[in-house]
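Student: One structure is given below, represented as structure tokens, and several questions about it will come after.
The values are calculated or read from the model by the stated rules, or taken from the named source; none is laboratory data. Model, not experiment: these values are computed from the prediction. Here the Cβ positions follow ideal geometry from the backbone for every residue, glycine too, while neighbour counts run over all protein chains shown. Note: areas computed on protein heavy atoms with side chains; ligands, DNA, RNA excluded. Shrake-Rupley method; radii C 1.70, N 1.55, O 1.52, S 1.80 Å.
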Amino acid sequence: MGLMAKFSIAVIAGDGVGVEVTPAARRVLEHTGAKFGAEFAFAEYDWGAEYYFNHGRMMPVGALDLLRPADAILLGAVGHPDIPDHVTLNGLLLPIRRAFDQFANVRPAVLYPGVESPLARYKGGDIDMVVVRENTEGEYAQIGGFLYHTQPEEVAIQTAVFTRRGIERVVRFAFDLAMTRRKRVTSVTKSNAQGFGMVLWDRTFQAVASEYPRVETESLLVDAAAMNFVRRPHTFDVVVGSNLFGDILSDVSAIVTGSIGLAPSANLDPTRRHPSMFEPVHGSAPDIAGRGVVNPMAAILSAGMMLDHLGLKEGGKSVERAVAAVLADGTVRTADLGGASRTSEVTDAVLARI
Ligand code: GGG
């Protein structure tokens with residue numbers, strides 16, 4: 001047997017169903033690693049809502065320095081009904097994305113055979129797109145403040161930040177990705193109404209597009225994009241948009257391909273100076289948390305994306321193939337896909353196929 005590649009993985013299971021899907025992803029990493037010559041050392045961090053209740057913050061001072069040496073980060077979900085969502089998000093997920101310059105949030109949406117789309121005329125194999133979301137600036141830059149805080153005359157200022165550098169690098173990432181796929185990139189803005197940041201986006205998109213003459217391009221306003229994700233999802237290949245638009249549209253792409261329980265994501269620093277982070281698109285789902293019924297496939301597919309990022313391409317492919325095989329077989333599936341299987345049963349079924 002050849003040399004084992006060794007990787008250190010920081011794990012933040014987080015809140016709600018995060019603590020149920022993360023162990024499933026971990027098992028898949030261990031199992032796939034053993035088959036494809038890789039070994040994983042996991043460091044678990046108990047950050048999130050419980051940590052907040054005990055310490056008044058989502059993660060400790062110095063948390064980012066603990067994550068920094070990791071080869072990758074596996075995240076479950078953040079969010080708790082008793083903590084405002086802006087506290088959980090800005091206390092954990094967004095600072096990690098920014099600190100590690102994870103500027104490309106890659107969110108594939110595939111309609112797998114055996115999965116029913118809510119769109120009547122679409123069947124397995126018909127939809128295969130990737131939403132590339134700008135992940136470090138834009139509408140989530142968290143620049144602003146309150147005047148007359150909590151008083152009746154209160155004013156809130158929330159500033160979106162768009163930089164040419166920030167737009168250019170994520171758009172370039174989208175084009176490079178499209179070159180490995182069907183060579184089609186759709187840019188999404190709202191530049192008719194937002195005449196500064198989004199106009200800079202459009203101009204930057206055109207400039208980068210001119211460097212990729214073999215890639216077909218399309219620019220859509222976000223309202224038209226939302227409509228066309230439902231009307232003609234089969235026409236999209238790579239879709240690139242701002243932090244907010246990518247966040248929203250990737251929920252639409254998730255549901256037209258069957259379930260948000262199948263939607264993985266990678267928060268990538270493509271320069272590899274920092275660890276990238278892999279997480280299901282879904283949140284903590286407090287309504288079903290703790291019952292062992294959440295679909296682990298989004299987290300498992302995210303683990304597959306991690307393997308791919310770490311250079312274990314065949315391992316990554318085998319994870320996706322295993323998920324696809326379980327979906328095509330149709331006997332083991334969670335409630336979001338019309339089944340009654342438990343999280344552990346789905347995980348076992350995927351492991352058996354790898
Ligand atoms: N899986 C991570 C999670 O909890 N996502 C929920 C969420 O609200 N995410 C916001 C974002 O991706 O910006």
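Student: Looking at the range 118-138, is at least one residue in contact with a Ser or Thr (Cβ under 7 Å, 6 or more places away or on another chain), open to solvent by less than 20 Å² (accessible area, probe 1.4 Å) and at positive phi?
Tutor: Yes: the range 118-138 contains one or more residues that are in contact with a Ser or Thr (Cβ under 7 Å, 6 or more places away or on another chain), open to solvent by less than 20 Å² (accessible area, probe 1.4 Å) and at positive phi.
Student: Additional query: Could you list, ordered by first residue, the pairs with Cβ atoms under 6 Å in which the first is in the range 186-209 and without any contact (Cβ under 8 Å) to a residue 24 or more places away in the chain and the second is open to solvent by less than 20 Å² (accessible area, probe 1.4 Å), at least 6 apart or interchain?
Tutor: Asp202/Thr189
Residue-by-condition table, conditions (1) at pLDDT 95 or above; (2) assigned to a loop (DSSP other than H, G, I, E, B); (3) of a type in the set (Asp, Glu):
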| site | (1), (2), (3) |
| --- | --- |
| Gly246 | yes, no, no |
| Gly261 | yes, no, no |
| Glu279 | yes, no, yes |
| Pro286 | yes, yes, no |
| Asn295 | yes, yes, no |
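Student: Just to be sure I understand the filter: pairs with C-beta atoms under 8 Å, separated by 6 or more residues or on different chains, first member in the range 33-56 and touching a residue at least 24 places away in the same chain (Cβ under 8 Å), second member of a type in the set (Val, Ile, Thr) and assigned to a loop (DSSP other than H, G, I, E, B). Which pairs pass?
Tutor: Note: pairs meeting the criteria are Lys35/Ile354; Gly48/Val78; Ala49/Val78.
Student: Of the conditions (1) among the aliphatic types (A, V, I, L, M); (2) within 27 Å of Gly76 (Cβ to Cβ); (3) more than 15 Å from the ligand (Cβ to nearest atom); (4) not in a strand (DSSP E or B), Ile96 fails just one. Which one is it?
Tutor: Single failed check for Ile96: (3).
Student: Out of all the residues in the range 275-283, is one or more assigned by TED's automatic domain parsing to the domain that holds Lys183, within 14 Å of the ligand (Cβ to nearest atom) and open to solvent by 30 Å² or more (accessible area, probe 1.4 Å)? If you could, list the steps in order and put the result at the bottom.
Tutor: Restricting attention to the range 275-283, the residues satisfying the condition of being assigned by TED's automatic domain parsing to the domain that holds Lys183 are none.
No, the range 275-283 contains no residue that is assigned by TED's automatic domain parsing to the domain that holds Lys183, within 14 Å of the ligand (Cβ to nearest atom) and open to solvent by 30 Å² or more (accessible area, probe 1.4 Å).
Student: Evaluate the range 296-308: report whether one residue or more is open to solvent by less than 30 Å² (accessible area, probe 1.4 Å), in the same structural domain as Ala77 (by TED's automatic domain parsing), within 16 Å of the ligand (Cβ to nearest atom) and more than 14 Å from Thr347 (Cα to Cα). Walk me through how you get there before you give the answer.
Tutor: So the first thing to find is which residues in the range 296-308 are open to solvent by less than 30 Å² (accessible area, probe 1.4 Å), and the list is 296-304, 306-307.
Among the residues that remain, those that are also in the same structural domain as Ala77 (by TED's automatic domain parsing) are: 296-304, 306-307.
Now restrict to residues that are within 16 Å of the ligand (Cβ to nearest atom): 296-304, 306.
Adding the requirement that they be more than 14 Å from Thr347 (Cα to Cα) leaves 306.
Checked the range 296-308: at least one residue is open to solvent by less than 30 Å² (accessible area, probe 1.4 Å), in the same structural domain as Ala77 (by TED's automatic domain parsing), within 16 Å of the ligand (Cβ to nearest atom) and more than 14 Å from Thr347 (Cα to Cα).
Student: Pick out the one residue from Pro108, Pro69, Pro81 that is buried (at least 17 other Cβ atoms within 10 Å of the Cβ), touching a residue at least 60 places away in the same chain (Cβ under 8 Å) and out of contact with any Leu (no Cβ under 6 Å at 6 or more places or on another chain). I'd like the intermediate steps shown before the answer.
Tutor: Values: Pro69 fails: buried (at least 17 other Cβ atoms within 10 Å of the Cβ); Pro81 fails: buried (at least 17 other Cβ atoms within 10 Å of the Cβ).
Going through Pro108, Pro69, Pro81 in turn, the sole match is Pro108.
Student: Can you name every residue in the range 242-262 that is more than 13 Å from the ligand (Cβ to nearest atom) and among the small types (Gly, Ala, Ser)?
Tutor: Selection gives Ser253, Gly258, Ser259.
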